[in-house]
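Undergrad: Quick one: the structure is below, questions incoming.
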Amino acid sequence: MARKPKEAERPPEPVRAQEETRYPAAGLLNSKSLSGYQRDFAKVLLTERDYTLQEAKAILDNYFKGGKANGGR
């Protein structure tokens, strides 16, 4: 007769990476998280329908803080 494995004998459940929450671009532009960026320019740069907070910040940082978009100044 096969025995049922005890808790300690079971392999651990695989850790699943949680998907990051996506927000509408308009909502991000009005958020405190992006309040340090010039809103009119940010609106032009965030052209997709929605972004994660990290994606939006990366796009804005790339432009406003000397990324490739403005020649690396």
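Undergrad: Do the conditions hold for Glu20, that is, is it surrounded by 10 or more Cβ atoms within 10 Å (Cβ to Cβ), at pLDDT 95 or above, of a type outside the set (Ser, Thr, Tyr) and on the phi < 0 side of the Ramachandran plot?
TA: For Glu20, the condition - surrounded by 10 or more Cβ atoms within 10 Å (Cβ to Cβ), at pLDDT 95 or above, of a type outside the set (Ser, Thr, Tyr) and on the phi < 0 side of the Ramachandran plot - is not met.
Undergrad: Ok, one more. Any residue in the range 56-73 that is in a loop (DSSP other than H, G, I, E, B) and at pLDDT 50 or above sitting within a Cβ distance under 9 Å of a residue that is surrounded by 10 or more Cβ atoms within 10 Å (Cβ to Cβ) and polar (S, T, N, Q)? List the pairs, counting only those 6 or more apart or interchain.
TA: That search, which allows pairs on different chains as well, returns nothing.
Undergrad: For the list (1) assigned to a loop (DSSP other than H, G, I, E, B); (2) at pLDDT below 95; (3) on the phi < 0 side of the Ramachandran plot, I need the number of the one condition that Thr47 fails.
TA: Checking Thr47 against (1) assigned to a loop (DSSP other than H, G, I, E, B); (2) at pLDDT below 95; (3) on the phi < 0 side of the Ramachandran plot, the one that fails is (2).
Undergrad: Which condition breaks for Gly27 when tested against (1) modelled with pLDDT under 80; (2) within 17 Å of the chain's Cα centre (by Cα)?
TA: (1)
The values are calculated or read from the model by the stated rules, or taken from the named source; none is laboratory data. As the structure is a prediction and not an experimental result, all values here were calculated from the model. Note that we place each Cβ from the backbone using ideal geometry, even for glycine, and neighbour counts take in every protein chain shown.
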